[in-house]
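Accompanying notes for the structure given below.
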Amino acid sequence: MNYILLDLEWNDTYCKKTHGFVNEIVEFGAVKLDEQFNEIDRFSKIVRSSLTKRLSNRFKQLTGMTNEQMQSGILFCEALDMYKKWAGEDIITLTWSNSDLHTLYHNCMLFTGSSKDAVVGKYVDLQRYFQHELSLLGNEVKNQISLSNAAALFNINFSDESLHHALDDSEIAAAILRKCYNKKRFDDFIVDTAQKGFYEKMMFKAHYLSDLNHPLVDKNKLYISCPSCKNKAKRVASWYYKRPWFHSRFACSSCNIKFKAAISIKRHFDRVDIKKKIFEASAKEIQKISATKTTEKIPVNKTK
Ligand SMILES: [Zn+2]
C-alpha cells in the first residue's frame with residue numbers, strides 16, 4: 001500500500017454555466033510514499049483553464065504561476081485521468097484539509113458530470129489528523145492550522161517561494177506525515193471516498209432549521225424540563241424564532257415557577273441535533289398557573 005499526498009491549486013474564476021464563481025483546478029501536485037514513507041514517485045501537472053485565459057491577480061501572486069504557464073497545461077479531464085493512473089490502486093490519499101476534495105468534487109461535477117470521478121479511494125484529511133495529534137499533546141486547537149504553520153511546528157524547512165506550489169506543498173505535507181504518524185490513531189481517520197453517500201455527506205452544510213414543522217423535527221423532542229423538578233414543563237406562550245433559537249415561556253405547576261427557555265434544531269447530514277437552554281428560573285416568580293390559560297401552539301405534523 002502507498003500513501004499519496006495530493007495538493008491542488010485552484011483559481012477563482014467566473015463560470016457562465018453556473019452563473020457564479022468557481023474554484024477551477026489549475027494544478028495537480030502529488031508525491032507517492034511507500035509504507036515506510038519513503039518517497040517513490042512524484043506527479044505534477046498544470047491544467048489549462050476551460051473557463052478563462054487569465055488567472056486572477058491573487059492567484060498569480062500566491063503561486064507565481066503565469067497565464068502562459070497555465071495555458072500551456074492540459075485539460076482537467078486529461079490531468080485527472082493521468083493522475084488516477086499514476087496514483088494506482090491500494091493507496092491512501094491525503095490532503096491538507098478536505099477543501100481539496102471539495103474542489104475536486106465541484107470540478108468533476110462541472111467538467112465530467114460525475115461525482116464518481118472524484119473518488120480517490122481511501123482518504124485521510126491530514127490537517128484534521130495533525131490537529132488531533134496536537135490536541136493529544138495538550139495544545140488547544142481552535143482554528144485550522146495552515147500547512148506552513150504545521151511545518152514550522154516540526155522545524156520542517158521550506159522556502160516561502162515553494163509554498164502554494166502543488167508539488168512542494170505535497171512534499172511539506174509528506175514531511176509532516178512522517179513526523180506525526182501513529183498507526184492506531186491514524187487508522188481511525190481513514191475514510192472511504194468510494195463509499196455510497198461519501199461526497200453528499202462531505203458537501204452537506206449543517207444548518208439550523210427555522211421551521212418547527214420541518215418533517216425532520218420530532219415534536220416529542222421539543223419539550224423543556226422544569227429546572228427544579230425535571231418534569232416536562234408546560235409551554236405558556238407561542239414560539240418565536242430568533243436565529244438559531246426558538247424561544248418561549250414555560251411553567252411548572254408542581255413547582256409553581258415560570259421561566260424562559262429556547263430550543264435550537266441543527267440539521268446535519270445524517271442527524272438532527274436539538275439543543276435546549278433555560279434563561280431564567282426564579283423562585284421569586286412563583287405564580288399559580290392555571291392550566292386553562294395556557295395555549296399549546298406547537299403545530300402537529302400528522303405525517304410524522
Ligand atoms: Zn417543576
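Rule-based calculations on the coordinates, nothing more; no lab input. In this text, all values refer to a predicted model and were calculated from it rather than measured experimentally. Positions of Cβ are backbone-derived with ideal geometry, glycine not excepted, and every protein chain shown enters the neighbour counts.
Could you list the trypsin sites (Lys or Arg not before Pro) in segment 83-157 that lie in coil according to DSSP, counting only those with at most 13 other Cβ atoms within 10 Å of their Cβ? Hits after loop and neighbour filter: LYS142. Restricting the trypsin sites (Lys or Arg not before Pro) of segment 168-224 to loop positions (DSSP other than H, G, I, E, B) with no more than 13 neighbouring Cβ atoms within 10 Å leaves LYS196, LYS205.
Exposed loop sites were defined as GluC sites (Glu not before Pro) in DSSP loop states (anything but H, G, I, E or B) carrying at most 14 other C-beta atoms within 10 Å; in the chain the longest segment without such a site runs 162-295. Extending 7 Å from the Cα toward the beta-carbon at both ILE40 and TYR14 defines two label points whose distance is 4.7 nm.
Work out the P(r) tail for segment 176-281: percent of alpha carbon pairs separated by more than 22 Å, whole number. Before the final figure, lay out the partial values.
Values: 2841 of 5565 pairs.
Everything past 22 Å amounts to 51 percent.
If R0 equals 35 Å, the separation of the Cβ atoms of ASN2 and SER114 corresponds to a calculated FRET efficiency of about 0.90.
Distance from the C-alpha centroid of segment 184-202 to that of segment 52-68: 33 Å, rounded to the whole angstrom. Residue-wise HN-Hα couplings along segment 108-123, as the Karplus relation 6.51 cos²θ - 1.76 cosθ + 1.60 with θ = phi - 60° gives them from phi, are 5, 4, 6, 9, 10, x, 10, 5, 4, 5, 8, 5, 10, x, 5, 9 Hz; Gly and Pro carry x. Across the chain, the mean sequence separation of Cα contacts (distance under 8 Å, 6 or more residues apart), normalised by length, yields a relative contact order of 14 percent. Other residues within the sphere of radius under 14 Å centred on the Cβ of ARG243, judged by their own Cβ, net out at +3 (K and R +1, D and E -1).
On a 21 Å Cα-Cα criterion, which of the cross-link pairs LYS17/LYS45; LYS85/LYS122; LYS60/LYS205; LYS16/LYS53; LYS219/LYS266 come out too long? Don't skip to the answer; put the middle values down first.
On the way: LYS17/LYS45 25 Å; LYS85/LYS122 16 Å; LYS60/LYS205 30 Å; LYS16/LYS53 14 Å; LYS219/LYS266 14 Å.
Pairs exceeding 21 Å: LYS17/LYS45; LYS60/LYS205.
So, R0 is 22 Å and r is the distance between the beta-carbons of LYS205 and ILE274; what FRET efficiency does that work out to, to 0.05? Don't skip to the end; give the middle numbers.
Values: r = 19 Å, r/R0 = 0.84.
With R0 = 22 Å, the Cβ-Cβ based efficiency is 0.75.
Counting Lys and Arg as +1 and Asp and Glu as -1, each charge on the Cβ, what is the dipole of the chain about the Cα centre in debye, to the nearest 20? Could the numbers behind the result be given before it?
Numbers: 47 positive and 35 negative charges, 650 e Å.
Dipole about the Cα centre, nearest 20: 3120 debye.
Net charge around ALA79, counting only other residues with Cβ within less than 15 Å of its Cβ (Lys, Arg = +1; Asp, Glu = -1)? List each step's numbers first, then the result.
Details: positive: ARG42, LYS45, ARG48, LYS84, LYS85; negative: ASP7, GLU9, GLU24, GLU27, GLU78, ASP81, ASP100, ASP117.
Surrounding charge for ALA79 is -3.
Were the residues from ARG243 through THR66 laid out at 0.36 nm apart, the gain over their Cα-Cα distance would be 59.2 nm.
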